[in-house]
Amino acid sequence: MSTVATKETEDRSFTAPRAEDLAALLVAKDRPPRPSALSASLTFGWRAMLKIKHVPEQLFDVTAFPVMMVLMYTYLFGGALAGSVDAYIQFLLPGILVMSVVMITMYTGVAINTDIDKGVFDRFRTLPIWRPAPMVGYLLGDVVRYFIASVVMLTVGVVIGYRPDGGATGILLGIALLMLFSFAFSWIWTMFGLMLRSEKSVMGVSMMVIFPLTFLSNVFVDPRTMPGWLQAFVNNSPVTHLATAVRELMAGSWPAADFAWTLGWSAAFVLVFGAVTMRLYNRK
């Protein structure tokens, strides 16, 4: 009996901690530091790479598609436009490289739209991170895909006769410029991914924008053979400036004007469409 009475006395004397005391205890503990903008962006970029690991079919557009583009256009137009495949591949490969990578960028918007439908972005917005980090992470992950596509296409081109006079330096500079432009250009599709309601809508609108922009350029032929009104558009197209810069860099020349134009277009895409994207993201 005495033991039971003692326990009852101890139970009555116990006082539960107040909510204010618990809150003060939690605040007093050291919290982990907030991740930097670079760290958060790289983390989301790694997330994009892990998605490829779990769904390797996503690499189809950066492996099989570029090979098909190189072989199809080289052997289809080579004899008719340049007299031989060997002569045409020297002009075509840098241009078709630009065209293929730029076309692949539209899948960024599709991936973002899919994650929005799944509710993933609602979780991202609750995290104490740099606000643009999820978007930048998507684009950083896609830059790796663009690089894979570039390596695949250059390898196929060398096998069928492409010989860059610029050597390794020219190739690396050309690819670096292409990666920079593609990163900036992808902000257009992030905007559409947030703006449109379905994956099919994003794909349809992207096709309507990207097909005229890539085909109406100097990727396949010299613009001097085109009508005057079409030359005016082609000569001022961002894809034309990029294709010319990459072509000249890989040929061992220094295209100062087209290089500067490409950098200017890239900055404009980030400033305009990056700002619109973040506005849509904050209001979504």
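Descriptive notes on the structure:
- Residues that are open to solvent by less than 100 Å² (accessible area, probe 1.4 Å), of a type outside the set (Gly, Ala, Ser) and either modelled with pLDDT of 55 or more or touching a helix residue (DSSP H, G or I) at 6+ places or on another chain (Cβ under 9 Å) (or both) within the stretch 12-41 comprise Pro17, Asp21, Pro35, listed in sequence order.
- The helices (runs of 4 or more DSSP H) falling completely within the stretch 49-127 that include 3 or more residues that are surrounded by 15 or more Cβ atoms within 10 Å (Cβ to Cβ) and either modelled with pLDDT of 85 or more or β-branched (Val, Ile, Thr) (or both) map to 60-82, 85-104, 107-118.
- Taking the stretch 243-260 as the range and being of a type outside the set (S, T, N, Q) and either within 16 Å of Val219 (Cβ to Cβ) or not in a helix (DSSP H, G or I) (or both) as the test, the residues that pass are Ala243, Ala245, Val246, Arg247, Glu248, Leu249, Met250, Ala251, Gly252, Trp254, Pro255, Asp258.
- Residue within the stretch 133-144 that is farther than 19 Å from Ala37 by Cβ and either out of contact with any Leu (no Cβ under 6 Å at 6 or more places or on another chain) or not acidic (Asp, Glu) (or both) present: yes
- Test for Thr240: is it open to solvent by less than 50 Å² (accessible area, probe 1.4 Å), touching a residue at least 24 places away in the same chain (Cβ under 8 Å) and of a type in the set (S, T, N, Q): no
- Condition met for Leu154 (touching a residue at least 40 places away in the same chain (Cβ under 8 Å) and of a type outside the set (Gly, Ala, Ser)): yes
- Remark: pairs (first residue in the stretch 204-232, in contact (Cβ under 8 Å) with a residue 12 or more places away in the chain; second residue open to solvent by 60 Å² or more (accessible area, probe 1.4 Å) and not charged (D, E, K, R); Cβ separation under 6 Å; 6+ apart in sequence or on different chains) = Pro223/Asn235.
The values are calculated or read from the model by the stated rules, or taken from the named source; none is laboratory data. What you see is a predicted model, and the numbers here were worked out from it, not measured in a lab. Please note: Cβ atoms are built from the backbone with ideal geometry, for glycine as well, and neighbour counts cover all protein chains shown. Side chains included, ligands, DNA and RNA excluded: accessible areas come from the protein's heavy atoms. Shrake-Rupley method; radii C 1.70, N 1.55, O 1.52, S 1.80 Å.
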